[in-house]
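The structure appears below as structure tokens.
The values are calculated or read from the model by the stated rules, or taken from the named source; none is laboratory data. On a predicted model such as this, the values are computed, not experimentally measured, just so you know. Cβ sites come from the backbone with ideal geometry, for glycine too, and all protein chains shown count toward neighbours. Heads up: the accessible areas ignore ligands, DNA and RNA and are worked out on the full protein's heavy atoms, side chains in. Shrake-Rupley method; radii C 1.70, N 1.55, O 1.52, S 1.80 Å.
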Amino acid sequence: MLCVIALQRLEAIHESNPLTNSNLVEIFKSETSKGNGKKRVSGSKSFVWLTRSLDFTSALLQALLVKDPKKNMEQAVQESYDATLKPWHGWIASAAYRVAIKLVPDTKTFMDLLREKDEDCNTLMEKMEILVSLLVPFLEDIHCILVSLILCFLT
């Protein structure tokens, strides 16, 4: 849900002035020059958090695919959270996470939810590997942009 809100916010910023806000970098530069990049409802901040959620997703899929496909789901989520989101969460978000971790399904249930009807686990794993192989370099490029615009430290 938060990802949808972030995307809608960025889309609204683009549509408000398509010439000036022709792409994400231009939106970030414009917000930064006006001193709005660090505000609570900025497109920059929305994009940073969207990126962090993708970092978490990527880390989780890698934990389940590469490191140990039979890993306990709760442990994989915990490791992924610790590596990607925890450093940016305050005490309220961390407390919410401690509640949410209790609702994580087991690995088999998670995989069953992701699989298409009549799809076997190997096909799902192959699709997940493709997603990760595409997502990781994309996220690396995004992080370079965020660092260059000094947006990577937004909380």
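Checked across region 91-101, the condition of being open to solvent by less than 60 Å² (accessible area, probe 1.4 Å), of a type in the set (Gly, Ala, Ser) and over 19 Å from the mean Cα position of the chain (by Cα) holds for at least one residue.
Residues in region 29-46 include at least one that is in contact with a Ser or Thr (Cβ under 9 Å, 6 or more places away or on another chain), among the charged types (D, E, K, R), at negative phi and part of a helix (DSSP H, G or I).
Of the residues making up region 17-41, just one is in contact (Cβ under 8 Å) with a residue 12 or more places away in the chain and within 30 Å of residue 78 (Cβ to Cβ), namely 38.
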